[in-house]
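See structure below.
The values are calculated or read from the model by the stated rules, or taken from the named source; none is laboratory data. What you are looking at is a predicted structure, and each value in this text was computed from that prediction instead of being measured. Glycine also receives a Cβ, built like all others from the backbone with ideal geometry; neighbour counts cover every protein chain displayed.
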Amino acid sequence: MRMQFIIKTIKMLKRKPALILLNMCALKLFGFKTTLYLIKNKLNNYALPNRPAHYEYNPNINVNKISKEIERFPARPLISIILLINKKWPQRVERSVQSLLQQLYTRWELLIIVDPRAVEEVNAYMAGLADTRIAVISSHTEQEMIDAANNAIARATAADLICLLDENDELTVDALYAVVKEMHETNAELIYSDNDYIKENNVLCEPQYKPDLSPDLLLSCNYIGKTIFIKRETLVNAGGLQTGSMPSYSYDLALRIVERTDKIAHIARFLYHRNVPSFPALQEDSNERAADDGDRRALERTLKRQGITGTVSPGTFCGTFRLQRAIKEKPLVSIIIPFRDEPEHLEKCINSIIKKSTYDHFEIIGIDNQSIEEKTRFIIDYFKQGDRRIQFYSFLKPFNYAAINNLAVTKARGAHILLLNNDIEIITPEWIEALLEHSQRKEVGAVGAKLYYKDGSIQHAGVIIGLGGIAGHIYRYYRDPFDEFNYRLCLVHNVSAVTGALLMLKKELYEKVNGMDEEHLPVGLNDIDLCLRLREKRLLNVVTPYCGAYHQEAISRGPDETVGKVLRFYREAVYFKKRHTGILADGDPYYNKNLPRFKTGLY
């Protein structure tokens, strides 16, 4: 197989000399290993993010080393762990307690607040343990359970950290150590981690590789998990646990804390194993949806606290939601479409906007980059005469995607700019509203869409910085099934960048960051660079699956397979790597560091 690949590669390079230069550039930019991946990916022409065929938990824990490190900690804070059980004593709770007893970091206390029906069983089990760090409180109602937990937090003045431990979770032996270490290093106020699942016969499976803090993903589901660690002072200032938050008390609290601080730490390691069926599951019946009422109410309280006008509706999967924000004041949206001939694509693109869009307060600005076909001129005249919202301007210089868009923005009258390639065909009627509900937010920079190839496979669902060497589309060529393992495809979430093929942002933001870099990035990477410069302004970039469109990709400018285009790509890539050294070195915060960067991984 390896020899066949080498022979196939040599034959391809002989047919296309520019690829020799391209791969030489890649070697200089990325090194041998990444270049080999890029060649192979080019030959295969696809890379699918499939579920791992095999997963094995391998903590690689050095007990002696950790024990010595704990002794050197500048302080050894007391962790007060709260375990709420509002039903009969499940046997798996014993495993949660046993996981505490095995911790390498031993300075903890456990308070179990339990339904009276299970008190006798709990006390009998705890008597057998004879551990003075554990106390049990019986509470009859939800209010009593919440009050007992808050009283315990108030009395735990010696505790620095509060852990809300879910009854279904078993901590790994190094969990408390890892959390205390993280607190010392980052002074985080809320800490969460990756996790996996326990199935029959203690088989560990389905690893959940989480991103760092993603505020929009958190408003779509409780991706951080139910077992979380919070500074006691932060928890008290946030109002503690609140009535009506059962059984979603940890999610409700996390939502409130994220509103108050950005000191949120994600430990990209498995610190607990979960004893329930994998999350999420398909929303197939009303019973499954009813189980999500607690999370939904927590989100609705979040809307009320933040003064957001909107609604919360169930998502595709159990435990997921769509928080849909109302559009304010119906602003004008300026849709910018650069093109050079390709009249069939231009006609299809504009027609799809006019015929499918439910939002009608827009203008279309077409920028013609030296078209020569008669049919293109006919289509331009047809649309100009048929709709007063459509205007065309000429860009008579050589192709420079950044400069074309910068020119178009100076002609735009709208409060929001919508960059759109001419090879886009709209699918979703409410596509503009889906983008605008996020673009109107003061904390948001760029908003992108879920784009498809004509065969139904995904072309874009967000850009990961560092994937494939510089930046890559996550889930490219993946088909969009109802697959719970890839549920983020169905949710609004944050990414570092989105493609400029369909991108909305406020005009004032575009001007504030001086638009696209037409000097250093005239053709490629200018959209990614734009998004990263918005991130440098501490703005969020968002992908919404509720805006869908077909994208033919690079129809006008063609593939980079000539010597001139390869040299241009190299210059742009060198500049991009220099300009964004930090994120390329540290890794994309929305892409778990345990996932591969040189092949399409799971997200």
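Say we look at the stretch 544-565 and pick out the residues that are of a type in the set (A, V, I, L, M, F, W, C) and surrounded by fewer than 20 Cβ atoms within 10 Å (Cβ to Cβ); which of these is modelled with the lowest pLDDT?
Just the residues of the stretch 544-565 that are of a type in the set (A, V, I, L, M, F, W, C), to begin with: 547, 549, 554-555, 563.
With the extra rule that they be surrounded by fewer than 20 Cβ atoms within 10 Å (Cβ to Cβ), the set shrinks to 554-555, 563.
On the way: ALA554: 56, ILE555: 46, VAL563: 61.
In this case the residue turns out to be ILE555.
Is there any pair linking a residue in the stretch 493-517 that is over 19 Å from ALA471 (Cβ atoms) to one that is assigned to a loop (DSSP other than H, G, I, E, B), with Cβ under 7 Å and at least six apart or on different chains, and which?
LYS506/ALA415; LYS507/ALA412; LYS507/GLY414; LYS507/ALA415
For residues in the stretch 571-603 being at pLDDT below 80 and either in the same structural domain as TYR478 (by TED's automatic domain parsing) or not charged (D, E, K, R) (or both), which is nearest to ASN541 (Cα to Cα)?
For the stretch 571-603, the residue satisfying everything is TYR603.
Take ASP115 and decide whether it is closer than 25 Å to VAL276 by Cα and among the acidic types (Asp, Glu).
Working: closer than 25 Å to VAL276 by Cα: yes; among the acidic types (Asp, Glu): yes.
Spelling it out, ASP115 is indeed closer than 25 Å to VAL276 by Cα and among the acidic types (Asp, Glu).
With ILE390, ILE350, ILE308, ILE336 as the choices, which residue is farther than 20 Å from VAL523 by Cα, touching a residue at least 24 places away in the same chain (Cβ under 8 Å) and within 33 Å of the chain's Cα centre (by Cα)?
ILE350
Is it the case that the stretch 512-533 has a residue that's on the phi < 0 side of the Ramachandran plot and part of a strand (DSSP E or B)?
no
Let's see how each residue does on (1) assigned by TED's automatic domain parsing to the domain that holds ARG488; (2) surrounded by fewer than 22 Cβ atoms within 10 Å (Cβ to Cβ); (3) modelled with pLDDT under 95:
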{"residue": "VAL179", "(1), (2), (3)": "no, no, no"}
{"residue": "ILE191", "(1), (2), (3)": "no, no, no"}
{"residue": "VAL203", "(1), (2), (3)": "no, yes, yes"}
{"residue": "GLU206", "(1), (2), (3)": "no, yes, yes"}
{"residue": "PRO215", "(1), (2), (3)": "no, yes, no"}
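So that you can scan it fast, the table gives a plain yes or no per residue for (1) of a type in the set (A, V, I, L, M); (2) at pLDDT below 95; (3) in contact with an Asp or Glu (Cβ under 6 Å, 6 or more places away or on another chain); (4) farther than 30 Å from GLN98 by Cβ:
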site: LEU282; (1), (2), (3), (4): yes, yes, no, yes
site: ASP285; (1), (2), (3), (4): no, yes, no, yes
site: ARG297; (1), (2), (3), (4): no, yes, no, yes
site: PRO314; (1), (2), (3), (4): no, yes, no, yes
site: CYS318; (1), (2), (3), (4): no, yes, yes, no
site: LEU323; (1), (2), (3), (4): yes, no, no, yes
site: ILE336; (1), (2), (3), (4): yes, no, no, yes
site: GLU347; (1), (2), (3), (4): no, no, no, yes
site: ASP368; (1), (2), (3), (4): no, no, no, yes
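Condition first: assigned to a loop (DSSP other than H, G, I, E, B) and either under 15 Å from TYR550 (Cα atoms) or free of Cβ contacts under 8 Å to residues at least 12 places away in the same chain (or both). Can you find one or more residues in the stretch 433-448 that meet it?
Yes, the conditions are met somewhere in the stretch 433-448.
Quick one: count up the residues across the stretch 209-224 that are touching a strand residue (DSSP E or B) at 6+ places or on another chain (Cβ under 6 Å) and either among the aliphatic types (A, V, I, L, M) or without any contact (Cβ under 8 Å) to a residue 60 or more places away in the chain (or both).
Looking only at that region, the number is 4.
Tell me, which residue of the stretch 225-239 that is touching a residue at least 24 places away in the same chain (Cβ under 8 Å) and assigned to a helix (DSSP H, G or I) is surrounded by the most Cβ atoms within 10 Å (Cβ to Cβ)? Outline the logic, then answer.
So the first thing to find is which residues in the stretch 225-239 are touching a residue at least 24 places away in the same chain (Cβ under 8 Å), and the list is 225-232, 234-236.
Keeping just the survivors that are assigned to a helix (DSSP H, G or I) gives 232, 234-236.
Details: ARG232: 20, THR234: 19, LEU235: 23, VAL236: 14.
If we take residues in the stretch 225-239 being touching a residue at least 24 places away in the same chain (Cβ under 8 Å) and assigned to a helix (DSSP H, G or I), then LEU235 is surrounded by the most Cβ atoms within 10 Å (Cβ to Cβ).
I need the strands (runs of 3 or more DSSP E) fully contained in the stretch 122-222, keeping only those with at least 3 residues that are in contact with a Gly (Cβ under 8 Å, 6 or more places away or on another chain).
Filter on the stretch 122-222 gives 190-198.
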